[in-house]
Structure formats: structure tokens, C-alpha cells
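Only the coordinates and a few stated rules stand behind these numbers; no lab work does. This structure is a prediction, so every number in the text was calculated from the model and none was measured. Here the Cβ positions follow ideal geometry from the backbone for every residue, glycine too, while neighbour counts run over all protein chains shown.
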Amino acid sequence: MDYLNTGEARCALCGTAAGTSPCAACRELDYRDAIRAHCTRTRSTSPLDIARTIMSHPRFPLAGQAHHPLVAAALVTAWGNATGADAGARLDAAIEKADSIPGGFCAGFGADAAAIACGIAVSTIEGTTIKAEHAAGRSRAHGLTGQAMLHIASGTGNRCCKRSVYGVLEVATAYFDAVLGVPLAPSSAPIACPFVDRNKLCNRERCRYHPAGASGHAERARLVVVP
């Protein structure tokens, strides 16, 4: 995202023709409001494109808790745009649930919050409860959480929130199509992470999303559909 004055730019979050992106008002938003602002406006069916735009906001953190609601919101939004369903209430619920997972959870609690956020998205879309009639929906939610968790578990090196977001959303995009029957769009461009120079713990060329290998790295997210 280009933050320079262009005279033509529209704000990527609210769509205002302000000459800068984000506009002055959106530039001051915290991560929750930035997520909500973009998700309520965009018509994209690509959760990766949605997440990448939001992460480009100048106040969006390099790492931490903000990535949990980001994943859930991007999936709920893309699902709503793909199906034509009203995702408004679900979006708010998904953000609230995923934002309740604290920062630091991913390294020390035996589960990655980005993967859990994928399951939160499905649970919120399905409206699942503890009751038997929602067993199938819970299974689908748990299935995606499991797939995303296994994908993250295959990673090596330093833990990275950006890598986790990219990876689980690739897995989720395939899962929504294969299991939920909702085709979501992939990223509109190869994912070349723009945060490598800011991240002191970046895994550099060992990461599939490093710009040096983003256009043709053989390693990609894989989906195993369990009946």
C-alpha cells in the first residue's frame, strides 16, 4: 500500500478519495477499528488480500494479538462476499472472540492463535453451540483449526505472526472450497512479505514468503481433507 500523497489515491480502508492511503482519519484507527473498517467496505473474496491490506496499515503491529482477529475477520468477510450473506453480526462476533486470545499465546500454550482464529471463523459462520445438532459444524471448525495447526507445526526457525497469517489463510482458502463448498479467491499476487526489513526475527530466505522466493517457491500450504 502506498502512503505517499498521489492526488488520486483512495483510502484502502474506507474508500475515501483523500489523496493518501490510508486517509487521515483511518490512519489514527487502532487495529480493531482498522480491521472492521476495511472488512465492512471491501467486496473481496480473498482472505489473503483482505489481510494483506489491513496489515499494511501504519499502526498495525508487526507481531502480537492483532493478528488473531485479523485472521477470523478476513475469513468471515471473504465468506460473506462470496456467498452474498450478511456478515455484519458475524464479523463483530469473530473479532471479539479472536481478540480474546492474548498475545504470547502462540509460543507458550501449545497451540497457535492464527489457527484457532480459523476455527473461530467457521464456528461463527456456522453458529455452533455445544448441542448435538451443531456437531457437524463443530467438526468442520475443528477440522480447519487442525489443518492450520499442522501447517504451522511444519514450520521451522523463529515464530512469525506474518508467516502464520499467510499460511493459515492459504490453508483456509482451500478448506472453504473443499469442505464448506464456498470458493474463496487466492491471493491476487504472489505473497512477497513486505515486513522483512522491520522484523528482527525474520527467517529471511528460509521463509516461503520472503521476497527472494515468493514467485516460485515449491513449498506451499497443503490441505488434507479428512472425511
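Going by how many other beta carbons lie within 10 Å of each one, how would you line up PHE176, PHE109, PHE60, fewest first?
In order of increasing Cβ crowding within 10 Å: PHE109, PHE60, PHE176.
Checking understanding here: applying a Kyte-Doolittle mean of at least 1.6 and a length along the axis of at least 18 Å (C-alpha), which whole DSSP H helices in the chain pass?
Values: long enough: 67-83 (24 Å, 0.64); 113-126 (19 Å, 1.70); 135-153 (26 Å, 0.07); 161-175 (21 Å, 0.41).
Qualifying helices, which must be both long enough and hydrophobic enough, are 113-126.
So what are the three principal axis dimensions of region 58-129 from its Cα atoms, in whole Å, longest to shortest?
The Cα atoms of region 58-129 stretch 37, 34, 16 Å along the principal axes, largest first.
Can you tell me which of 134-142, 111-119 comes out highest on packing, and rank the rest after it, using the mean Cβ neighbours within 10 Å?
The peptides rank, most packed first, as 111-119, 134-142.
Pull out the extension gain between THR40 and HIS134, defined as 0.36 nm times the separation in residues minus the alpha carbon to alpha carbon distance; nm, one decimal.
So the extension gain works out to 31.1 nm.
Just the Kirkwood number for region 23-90, please: inverse of mean 1/r across all distinct Cα pairs, in Å, one decimal.
Values: mean 1/r = 0.0836 Å⁻¹.
With all distinct Cα pairs of region 23-90 included, I get 12.0 Å.
Per residue, how big is the convex hull around the C-alpha atoms of region 84-169? Give it to me in cubic angstrom, could you? Provide the component values of the computation, followed by the final result.
Values: hull volume 9.4 nm³, N = 86.
About 110 Å³ per residue, rounded to a whole number.
Zone of ASP33 (label point 7 Å along Cα→Cβ, backbone N under 18 Å): which residues in region 47-62?
Flagged as within label range: 54-61.
Mind checking which of ALA66, VAL196, LEU150 is farthest towards the positive end of region 31-206's charge dipole, using Cβ charges of +1 (Lys, Arg) and -1 (Asp, Glu) about the Cα centre?
Looking along the dipole axis, the top candidate is VAL196.
As a footprinting exposure proxy, order HIS210, HIS38, HIS151 by other Cβ within 10 Å, with the fewest listed first.
With the fewest neighbours first, HIS210, HIS38, HIS151 line up as HIS210, HIS151, HIS38.
In a shell of Cβ-Cβ distance under 14 Å around ARG90, excluding ARG90 itself, what net charge do Lys and Arg (+1) and Asp and Glu (-1) give?
So the environment of ARG90 carries a net charge of -2.
Order of LYS162, LYS97 from fewest to most other C-beta atoms within 10 Å?
LYS97, LYS162
Indicate the gyration tensor shape class of the chain (rounded, prolate or oblate), computed on the Cα atoms with a ≥ b ≥ c the square roots of the eigenvalues: a/c under 1.5 is rounded; otherwise a/b larger than b/c is prolate and the rest oblate.
oblate
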